[in-house]
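A.B. asks: Structure in structure tokens, see below.
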Amino acid sequence: MEGTDISGLFTPFSLSGVELRNRVVVPAHTTNFGHANRPTRRHVDYHAERARGGVGLIVTEAVRVHPTSAGRHISLGCFDDGCVPAYAAVTEAVHAQGARVFAQLMHAGRQANGDATRTAAWAPTEVPWSSGAAVPHVMGPSDIAVIVDAFGAAARRMAEAGFDGIEVHLGHGHLIQQFLSPFTNRRADRYGGTPENRLRLAREVLAAVTRGAPALPLGIRVSADEFVPGGLGPDDVLAIVAALRADHALAYVHVSHSAYHGSHSLATQMADMSFGHAPFRRHAALFKREFPTLPVLAVCRLDSLAESAELIREGHADLVGLARPHIADPHLVRKTLDGRAHEIRSCLACNQGCVGRLESDLPISCVVNPEVGAEREWAATRGAHRPAPRRVLVVGGGPAGLEAALSAHRAGHLATLAEAGERLGGQLASAATVPGRERLGLLTDELVRDVTAAGITVMTGERITAADVLPGGRHDGFDAVLVATGSLPRRRELPGGPRVFDLAEAVGELAGGGPAPTGSVVLVRDDVGGWPAASLTERLARRGATVHLVTPLAGLFPRITTYSRLGLLQRLSELDVKVHLMRAVVDASGDRVTLRDTLAGDTEDLTGVTAVVDAGLPSADDRLYRALDGVRGAPPVHVVGDANSPRTALEAVYEGRMAGTFLDSTVAAARTLAATVDTTPA
């Protein structure tokens, strides 16, 4: 997209009298930064940083209007007037940086997880959102009246807190969409049945919000397509917006998609890298054609400003929402305006540090930006830990090593990076060669870019031994050694059986660019349940191999976020991948592999197997660390990333930044960061 004209993004825009300095929006996205359902200092710092980064408008994460939608104390809510000062702190911080901020009001409905609060989810009918989910409470007329009043009261409080506008969430399969959709609304009263009746709650909510905050612009967020059989499609939602627009002076329509449903639909809501760029842009264009005078906000997998500018330039949208890219780099706009676009850290669309942590009830983070949600604390800790400049040797050129070398340089040290291979990037560079996972390469590409720009000495093809860094060795004289040598793959041979490949070999030899050899039957042994085995399985099946996925786990790929897993499972189903849960490989002979049921002990044979891929638990390649640890005369040695413990790129980059920034104070710095993150209400 180099050379693309993106100037249209930076033109001012007015939303019902609210002047935006540009057309770039940080749309609503959950952070899990809340405390007692109120914003904390983390919210203030987080939004202020993105406003400082140059964005025109920020929309808060969903502010739940009633305790039956809270689910957890770390979500945001607006249940009484006491919350106003905490929200006012957010608006003041954003305004101080020149951006505008709208509050998104929402009730989650049937998927409101009440385990923490011991509340029942409320819904129009008693259909759970997913298999195994709790049956919701069916709302009666009095319940509906309570929720309508709650929306109005929340709007009034948001106005008192100084917000510039309100966005009411009518999409993503939350409560109002549950009433709108025939897929979820099976009522026979005045709130169900006909399209007009199903529209009634939305009408009442918007009227209550208008009464509560009459001076604030009112926008709505909709799902243009639910992607479920019998659900709302684009024509239905166009009719809904037309009806609501006849009653209300809508400031804009925020066009999203999906339903919160345990199917592929949910995978589209936070589309990961497998979907490609802007996979649902057609929806925004559809609404813009239908409502040419109504501002349209487009969203989902707009990965960069250049790609987002296409929608403005082609008249498909008036505003563009980039959530995950602003998690990855809060200064996306400012860097571009200042001629520093080459410094931007790109979102990988991996869903690992954002959505993945949300599902574990943890605050969001980011693979490429470990400082998310603790920006102020990182800055303060840097100020408190300022070691004298030192000579630092980083061993290993994967994401942990690259980040460690760069962070050490930025902390004022003289860093040298040594990589045993001929290229940088480590296992991530190899994983990025698998189709559908290419964006992983952005992480290592941009780290290499920054390491090169910093002038850091890089040695490739240089295998470092303990003797090299001891006194008199080839590379003595370093004040510290950071070991980032990664992990070693597992390969359990099957004597007399099919050839066994480890993951790295399989990527290179089995998952190449051409079709699989005729009759290929590949068995993938997955003991981990993460992306390495999943992406390889999909790639092999796409090449035409018959793939058997064998795992001792009780479920498929538990380490992959639900949003991504639901999409992955549909693709594997379409590719006819054979799945063997709770099975262990116990024997092999020729082209036969014997599996044992780990619960019942029964065995079964798979025949015709031409290859086996072992995706078992890797082991840390910590040999250099062990050889130097505690040795007399050795420089201080630290171990990071998979060499410390085989995990993911999220931990690798975090540990690389911690070690490079704080060196010997790493543990103290980590404790300081954890202790000083402010989770009290703002």
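A.B. asks: Condition first: outside any helix (DSSP H, G or I), buried (at least 21 other Cβ atoms within 10 Å of the Cβ), more than 22 Å from the chain's Cα centre (by Cα) and not hydrophobic (A, V, I, L, M, F, W, C). Now tell me which residues in region 69-106 satisfy that.
C.D. replies: Correct list: Gly77, Arg100.
A.B. asks: Identify, from the list Ile147, Ile176, Ile220, the residue that is under 24 Å from Arg289 (Cα atoms), in the same structural domain as Gly321 (by TED's automatic domain parsing), at pLDDT 95 or above and surrounded by 16 or more Cβ atoms within 10 Å (Cβ to Cβ).
C.D. replies: Numbers: Ile147 fails: under 24 Å from Arg289 (Cα atoms); Ile176 fails: under 24 Å from Arg289 (Cα atoms).
It is Ile220.
A.B. asks: Going residue by residue through region 439-455, is there one that turns out to be assigned to a loop (DSSP other than H, G, I, E, B), modelled with pLDDT of 95 or more and surrounded by fewer than 19 Cβ atoms within 10 Å (Cβ to Cβ)? First the steps, then the outcome.
C.D. replies: If we filter region 439-455 for residues that are assigned to a loop (DSSP other than H, G, I, E, B), which is where we start, we get 439, 454-455.
Checking which are modelled with pLDDT of 95 or more leaves us with 439, 454-455.
Narrowing the set further to residues that are surrounded by fewer than 19 Cβ atoms within 10 Å (Cβ to Cβ) leaves 454-455.
Yes, the conditions are met somewhere in region 439-455.
A.B. asks: Counting only residues that are in contact (Cβ under 8 Å) with a residue 60 or more places away in the chain and touching a Phe, Trp or Tyr at 6+ places or on another chain (Cβ under 8 Å), how many does region 163-181 have?
C.D. replies: Of the residues in region 163-181, 10 are in contact (Cβ under 8 Å) with a residue 60 or more places away in the chain and touching a Phe, Trp or Tyr at 6+ places or on another chain (Cβ under 8 Å).
A.B. asks: Name the residues in region 374-414 that are touching a strand residue (DSSP E or B) at 6+ places or on another chain (Cβ under 8 Å) and surrounded by fewer than 18 Cβ atoms within 10 Å (Cβ to Cβ), would you?
C.D. replies: Those that are touching a strand residue (DSSP E or B) at 6+ places or on another chain (Cβ under 8 Å) and surrounded by fewer than 18 Cβ atoms within 10 Å (Cβ to Cβ): Pro389, Arg391, Leu414.
A.B. asks: Let me ask something else. When you go through Glu371, Glu359 one by one, which is the residue that is in contact with a Ser or Thr (Cβ under 8 Å, 6 or more places away or on another chain), surrounded by fewer than 21 Cβ atoms within 10 Å (Cβ to Cβ) and closer than 30 Å to Pro39 by Cβ? Break it down into steps so the answer makes sense when it comes.
C.D. replies: Numbers: Glu371 fails: in contact with a Ser or Thr (Cβ under 8 Å, 6 or more places away or on another chain).
Testing whether each residue is in contact with a Ser or Thr (Cβ under 8 Å, 6 or more places away or on another chain), surrounded by fewer than 21 Cβ atoms within 10 Å (Cβ to Cβ) and closer than 30 Å to Pro39 by Cβ leaves just Glu359.
A.B. asks: Further question on the same structure: Quick one: count up the residues across region 402-419 that are among the small types (Gly, Ala, Ser) and farther than 20 Å from Arg474 by Cα.
C.D. replies: Here is the first cut: in region 402-419, the ones among the small types (Gly, Ala, Ser) are 404-405, 407-408, 411-412, 415, 418.
Pick out the ones that are also farther than 20 Å from Arg474 by Cα and you get 404, 407-408, 411-412.
Residues flagged as among the small types (Gly, Ala, Ser) and farther than 20 Å from Arg474 by Cα within region 402-419 amount to 5.
A.B. asks: Sort out which residues of region 129-142 are in contact with a His (Cβ under 8 Å, 6 or more places away or on another chain) and not polar (S, T, N, Q), and write them in order of number.
C.D. replies: Scanning region 129-142 gives a single hit, Trp129.
A.B. asks: Among the residues of region 593-601, is there at least one that is outside the structural domain of Asp479 (by TED's automatic domain parsing) and either under 24 Å from Arg543 (Cβ atoms) or crowded, with 22+ Cβ neighbours inside 10 Å (or both)?
C.D. replies: Yes, the conditions are met somewhere in region 593-601.
A.B. asks: Scan (1) part of a helix (DSSP H, G or I); (2) closer than 30 Å to Arg565 by Cβ; (3) in contact with a helix residue (DSSP H, G or I) (Cβ under 8 Å, 6 or more places away or on another chain) for the single condition Asp303 breaks and write down its number.
C.D. replies: (1)
A.B. asks: How many residues does region 504-539 contain that are without any contact (Cβ under 8 Å) to a residue 60 or more places away in the chain and within 15 Å of Leu568 (Cα to Cα)?
C.D. replies: Here the count works out to 3.
A.B. asks: Something else about it: Can you tell me which residue among Gly276, Gly353, Gly339 is crowded, with 21+ Cβ neighbours inside 10 Å and not aromatic (Phe, Trp, Tyr)?
C.D. replies: Within the list Gly276, Gly353, Gly339, the selection yields Gly353.
A.B. asks: Can you tell me which of Arg525, Arg490 is among the charged types (D, E, K, R) and in a loop (DSSP other than H, G, I, E, B)? If you could, list the steps in order and put the result at the bottom.
C.D. replies: Details: Arg525 fails: in a loop (DSSP other than H, G, I, E, B).
Testing whether each residue is among the charged types (D, E, K, R) and in a loop (DSSP other than H, G, I, E, B) leaves just Arg490.
A.B. asks: Moving to a separate point now. Mind telling me which of the residues Leu549, Leu566, Leu494 ends up being buried (at least 17 other Cβ atoms within 10 Å of the Cβ), more than 30 Å from the chain's Cα centre (by Cα), of a type outside the set (Lys, Arg) and at negative phi?
C.D. replies: Values: Leu549 fails: more than 30 Å from the chain's Cα centre (by Cα); Leu566 fails: more than 30 Å from the chain's Cα centre (by Cα).
The unique qualifying residue is Leu494.
A.B. asks: Let me ask you something else. Output the residue which, of all residues in region 660-682 that are among the small types (Gly, Ala, Ser) and in contact with a Pro (Cβ under 9 Å, 6 or more places away or on another chain), is modelled with the highest pLDDT.
C.D. replies: Of everything passing the filter in region 660-682, Ala682 is modelled with the highest pLDDT.
A.B. asks: Another question, then. So for region 610-623 (the condition being assigned by TED's automatic domain parsing to the domain that holds Ser535, without any contact (Cβ under 8 Å) to a residue 60 or more places away in the chain and of a type in the set (Ser, Thr, Tyr)), does at least one residue qualify?
C.D. replies: No.
A.B. asks: Failed condition for Asp361, given (1) touching a helix residue (DSSP H, G or I) at 6+ places or on another chain (Cβ under 7 Å); (2) acidic (Asp, Glu); (3) not in a helix (DSSP H, G or I), with all others met?
C.D. replies: Just one mismatch for Asp361, condition (1).
A.B. asks: Another question, if that's okay. Residues of region 337-364 being within 22 Å of Val451 (Cβ to Cβ) and polar (S, T, N, Q), which ones?
C.D. replies: Residue satisfying the conditions is Ser346 alone.
A.B. asks: Kindly indicate which of Arg632, Arg657, Arg583 is at pLDDT 95 or above, over 22 Å from Val448 (Cβ atoms) and basic (Lys, Arg).
C.D. replies: Within the list Arg632, Arg657, Arg583, the selection yields Arg583.
A.B. asks: When the residues of region 580-599 are narrowed to those that are under 38 Å from the mean Cα position of the chain (by Cα) and in a loop (DSSP other than H, G, I, E, B), which ends up farthest from Arg525 (Cα to Cα)?
C.D. replies: Leu599
Residues checked against (1) modelled with pLDDT under 95; (2) within 28 Å of the chain's Cα centre (by Cα); (3) surrounded by fewer than 22 Cβ atoms within 10 Å (Cβ to Cβ):
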{"position": "Ile464", "(1), (2), (3)": "no, no, no"}
{"position": "Ala467", "(1), (2), (3)": "no, no, yes"}
{"position": "Asp479", "(1), (2), (3)": "no, no, yes"}
{"position": "Leu503", "(1), (2), (3)": "yes, yes, no"}
{"position": "Ala511", "(1), (2), (3)": "yes, yes, no"}
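A.B. asks: Looking at Arg313 and the list (1) farther than 17 Å from Tyr46 by Cα; (2) surrounded by 24 or more Cβ atoms within 10 Å (Cβ to Cβ); (3) assigned by TED's automatic domain parsing to the domain that holds Gln97; (4) in contact with a Gly (Cβ under 8 Å, 6 or more places away or on another chain), which single condition is not satisfied?
C.D. replies: Every listed condition holds for Arg313 apart from (2).
A.B. asks: Another question, if that's okay. Please go through region 188-229 and give me each residue that is out of contact with any Pro (no Cβ under 6 Å at 6 or more places or on another chain) and small (Gly, Ala, Ser), ordered by number.
C.D. replies: Result: Ala188, Gly192, Gly193, Ala202, Ala207, Ala208, Gly212, Ala213, Ala215, Gly219, Ser223.
A.B. asks: Against the condition without any contact (Cβ under 8 Å) to a residue 24 or more places away in the chain, in the same structural domain as Glu160 (by TED's automatic domain parsing) and either of a type in the set (A, V, I, L, M, F, W, C) or over 22 Å from Ala154 (Cβ atoms) (or both), how does Ala239 come out, does it pass?
C.D. replies: For Ala239, the condition - without any contact (Cβ under 8 Å) to a residue 24 or more places away in the chain, in the same structural domain as Glu160 (by TED's automatic domain parsing) and either of a type in the set (A, V, I, L, M, F, W, C) or over 22 Å from Ala154 (Cβ atoms) (or both) - is not met.
A.B. asks: In region 286-296, how many are farther than 15 Å from Gly8 by Cβ and touching a helix residue (DSSP H, G or I) at 6+ places or on another chain (Cβ under 8 Å)?
C.D. replies: Result for region 286-296: 5.
The values are calculated or read from the model by the stated rules, or taken from the named source; none is laboratory data. It should be emphasised that the depicted structure is a prediction, and the values quoted were computed from it without experimental measurement. Here the Cβ is made from the backbone with ideal geometry for all residues, glycine too, and neighbour counts use every protein chain on show.
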